[in-house]
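Take a look at the structure below.
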Amino acid sequence: MKCKTLFPLWIMLLATFACSIPGTTPTQPTVIALPPTPNLPVFASPVPQNSTGGNDAEPIFSNSVREEFDGKLSPGLGWTWLRQDDSAWSLTTTPGWLRINLSTEGYLSGLPGNVLTTSAPQGDFDIRTSVNFSPSQNFEFAGLVILFDEKSVLQAGHAYCDLGNCPGSGFYFDNLQNGSTVGDNFGIAGSSDISQIRIVRQGNNYTAYYQTDGVNWVVIGSHTVDQQPVSIGLLAAQTPSVGAFAEFDYIEINQP
């Protein structure tokens, strides 16, 4: 601003005061790049999709991997089966899908079999899967799992519960710590055979979503866990009777 010197004294004083006010340039945030995910190859970034119930584009991820279950498990992703039973899973029964027979155990009642896991990425992450599953008995579950230790997990997916305030068939997000339930399961009624499940980690906060229309992500709920995750993967468990199964089309692991 230029201040005129030929104005009357009171105008000069006002102008001088205005010229002395410092600028209010906003502070620029510090951006710290996340370290690369160990043992995970970097693929091309996915195409942005609509975010939760809105029109904003998803962020572009710099690290993104996707297991397509095209007849084999990619060796570079470091998959490990926990309590594996070869007769209870298949990559060939339905081509392009991983079929897992539901374990009769769960993390509240013991240790489930055939949990497919890989090392959890360092820092924030976004994991997703598509599951073909129609639960019909308490407490059948299929979806994503994050493991902190053998008895402490987060699990988000399509499940069935008709006790208390549970809506029956729906989408749930459980926080199980040291073999006990912590907080709400956020049950939301839903009966779509094929659904997409997603968990986003931001610091110690984890938010689960589901999608049935191929466009909009719906929030299931959020949990906070003050412990570093050890591994992530897929879980099909908690059936009261043998014979139920779930099929997974892919699992995708993203980091910003």
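Counting other Cβ atoms within 10 Å as a rough exposure proxy, the listed residues 166, 161 run 166, 161 from fewest neighbours to most.
Per residue, the Cα convex hull of the stretch 143-256 amounts to 119 Å³. By the equivalent-ellipsoid construction on the alpha carbon gyration tensor, the stretch 154-200 comes out with semi-axes of 18, 14, 7 Å, ordered largest to smallest. Taking 0.36 nm per residue of separation and subtracting the current Cα-Cα distance, fully stretching the chain between residue 150 and residue 162 would add 1.6 nm. Subtracting the Cα-Cα distance of residue 105 and residue 91 from their residue separation scaled by 0.36 nm leaves 2.8 nm. Each Lys or Arg adds one and each Asp or Glu subtracts one; over the other residues with Cβ under 11 Å from the Cβ of residue 98, this totals -3. Stokes-Einstein, applied to the Kirkwood radius of the stretch 87-156 over Cα pairs at a viscosity of 1.002 mPa s and 20 °C, places its translational diffusion at 155 µm² s⁻¹. Per-peptide packing, taken as the mean over residues of other Cβ atoms within 10 Å, places 223-230, 180-187 in the sequence 180-187, 223-230 from highest down. Distance distribution P(r), the stretch 63-255, all Cα-Cα pairs, bin width 10 angstrom from 0: 10, 41, 39, 9, 0 percent.
FYI, it's all coordinate maths here, none of it is from the lab. What you are looking at is a predicted structure, and each value in this text was computed from that prediction instead of being measured. Backbone-built Cβ (ideal geometry, glycine too); neighbour counts: all protein chains shown.
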